[in-house]
Amino acid sequence: MARINLLPWRDELRKQRQEEFILGIVLVAIAAVAILFGVEKYLDSLITEQQDKKRIVIAKVAEVNLITAKIKDIETQNGILQSKRNAIQLLQKSRPEIVHFIDAIARVTPEGVFLIKLKQDNAGVTLVGKTQSNSRVSAFMRNVETNKWLVDPSLNI
C-alpha cells in the first residue's frame, strides 16, 4: 500500500491557523487601543465641556455678586436719602411753628422790653433781654403764660 505523508499539510494548516490567530490578536489589540484612545478623547471633551460650564458659572456668580454689592450700595443710598427726606419733611412740618413762635414773642413783648438774644436747645428756648422796669418784666411773663404757643415760662435774673 502506498503511504501518503499528510504531516506537512497539517503543519502548514497549523502554521496558517497560528498566523491567523496572532493576526486576530494583533487586530483586537489595535482595536482595543483605538477604542481606548477614542474613549479618552471623549472623556477629555466631557471634562473640557464641564470646565467651560464651570468657568461660565463662576463668571455669572461674580456678576451676581457685583450686582448684589451694587444693590446694597443703592439700598444704603436709599436709606440715607430716606433719612434726609424725613428730616426735610420734619423741617417742613415745623416751619409754620417757628413763624407762630416768633409772632407770639412779638405779640407778648410789651413796650420797654428789649430782647437781645434768642437761643434754642433741647430743653427749650432761652430769651435774654433788657427792660426799663420790673413791671414790664411782670407784664411780659403774664403775657407769656397766657399765650398758647409759649409754655412753661421761667424767669432767671
>> Cβ contacts < 8 Å: first residue in contact (Cβ under 8 Å) with a residue 40 or more places away in the chain and at negative phi, restricted to the range 83-102; second residue of a type in the set (Val, Ile, Thr) and outside any helix (DSSP H, G or I), any location; separation 6+ or different chain. Result?
In response: PHE101/VAL125
> What residue, of ALA123, ALA104, ALA62, is within 20 Å of the chain's Cα centre (by Cα) and either surrounded by 10 or more Cβ atoms within 10 Å (Cβ to Cβ) or of a type outside the set (Val, Ile, Thr) (or both)?
Replying inline: ALA62
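Just so you know, all these numbers are worked out from the coordinates, no wet-lab data involved. Values in this document were obtained by computation on a predicted structure and should not be read as measured data. Every residue, glycine among them, receives a Cβ derived from its backbone with ideal geometry; neighbour counts consider all protein chains shown.
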